[in-house]
Structures are given as structure tokens and as C-alpha cells.
Amino acid sequence: MKPSTRNSAAGTANIVKGDAKQLAGKVLGKKTLQARGKAQEMVGKMQKEVGKRQKREGN
């Protein structure tokens, strides 16, 4: 698997996991869980961007 594809897939997974954590935190009233979810979502967005840039460079 190409690094660009791997980063894009991992980024999407982190975004989904982060969204789930945020929702769970909201439902349970746990602000720390919400914050962790937001952080994981941001990591996922960065990974997807890295994957896009790698794809443009041909990796």
C-alpha cells in the first residue's frame, strides 16, 4: 500500500473515531472525552492532508 493511501485511510479512521468519542463524551457529560475526540479528529484531518500531499508528489 502506498504511503499516501495509508495516511488517507488512517486519517479517515481517526476522524470517525474522534467523532464517536466526541459524541460519547457529550452523551455521558464527559468533557475530557469530548476533548480527546476533538484532538483525534484533528490528527485525522492532518493525516488526510499529508496523504493528499504525498499523492500529489507521487508517493
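Applying the criterion of being of a type in the set (Val, Ile, Thr) and touching a residue at least 12 places away in the same chain (Cβ under 8 Å) to the residues of segment 32-59, the residue that is farthest from residue 22 (Cα to Cα) is 50. Do we find a residue being farther than 21 Å from residue 4 by Cβ, charged (D, E, K, R) and surrounded by 15 or more Cβ atoms within 10 Å (Cβ to Cβ) anywhere in segment 17-35? Yes, that holds for at least one residue. Across segment 36-47, the number of residues qualifying as within 8 Å of the chain's Cα centre (by Cα) and surrounded by 18 or more Cβ atoms within 10 Å (Cβ to Cβ) comes to 4. Whether a residue is more than 22 Å from residue 56 (Cβ to Cβ), out of contact with any strand residue (DSSP E or B) (no Cβ under 6 Å at 6 or more places or on another chain) and not β-branched (Val, Ile, Thr) was assessed, and residue 21 passes this test.
Just so you know, all these numbers are worked out from the coordinates, no wet-lab data involved. Since the model is a prediction, treat every value here as computed from it, not as a measurement. Methodologically, a virtual Cβ is constructed for each residue, glycine included, from the backbone with ideal geometry; neighbour enumeration extends over all protein chains shown.
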